[in-house]
Amino acid sequence: MNHALSKYSVLIVDDEVPILNQMSFILEDFVAKVYTATDGITALEQLSNHKIDIVITDILMPNMNGIALISEIKKRNIPLAAVIITTAHSETNYLLDAIKLRVDGYLLKPIMADEMLELIDKSIALKAKEDELWLKDRMLEGIGAFVGGKKIEIIRYLFEHVDAENVFYGSYEDIMAALNVSKPTVVSTFRQLIEVGIVTKLKNKIYRVNASSNSEKSGIAS
């Protein structure tokens, strides 16, 4: 697996107690904490009372089904690393609703341990990537309030040419050629990004973009 699951807490929601116990038994060896609920209402109570990172929920349940639960999670803006649906073949007509709610993964019953663990891992990785892209978009919006013209183009180029670790290995010359900008403009932009903490210089011509920086506090001048 690419991600250590041991730091995550999981909430399993299913009204079939044998399935609930089976999934709990499997996950207890891999995650920090397992919580359980037999319907959506109880699940929301668990989410209110505990720090939960991942929700794995069945669709058809009494009191509040899985679709209604996910909808309520979205309405309340409960921060989660992943939301996964478990479904039987007979419940596929509900999947369109799940897709509209942008769940992170789907598990087909009967649940297989290796498939469940692999899906959780992939869902976390995908969600992390989406969050990273969202943060970068918000950073660009915030920075755009302070800069314009060529500088915002340079910053966008920088964001689009980092590796998986947010490290930029390109050169000033690459940016100058791609955007038709002068070297002083590129140098000035990098200097200001470093000053406000959006970029960190690792070594000569190697920089890391700090994607979690609060761009709204940036003092970059145009």
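What is the spin-label model distance, in nm, from residue 188 to residue 48 if the labels are put 7 Å beyond Cα along the C-beta direction?
5.5 nm
Could you pull the accessible area for residue 169 with a 1.4 Å probe, rounded to 10 Å²?
150 Å²
First check a/c for segment 16-82, with a ≥ b ≥ c the square roots of the eigenvalues of its C-alpha gyration tensor; if it is under 1.5, answer rounded, and if not, answer prolate when a/b is larger than b/c or oblate otherwise. Mind dumping the intermediate values first?
Values: a/c = 2.01, a/b = 1.20, b/c = 1.67.
Oblate.
Compute the FRET efficiency between residue 173 and residue 208 as 1/(1 + (r/R0)^6), taking r as their Cβ-Cβ distance and R0 = 25 Å, and round to the nearest 0.05.
Numbers: r = 20 Å, r/R0 = 0.79.
Efficiency at R0 = 25 Å is approximately 0.80.
The values are calculated or read from the model by the stated rules, or taken from the named source; none is laboratory data. Worth saying up front: this structure is predicted, and the values here are computed from it rather than measured. Using ideal geometry, Cβ is built from the backbone for each residue, glycine included, and neighbour counts are taken over all protein chains shown. We work out accessible area using only protein heavy atoms, side chains counted, and drop any ligands, DNA or RNA first. Shrake-Rupley method; radii C 1.70, N 1.55, O 1.52, S 1.80 Å.
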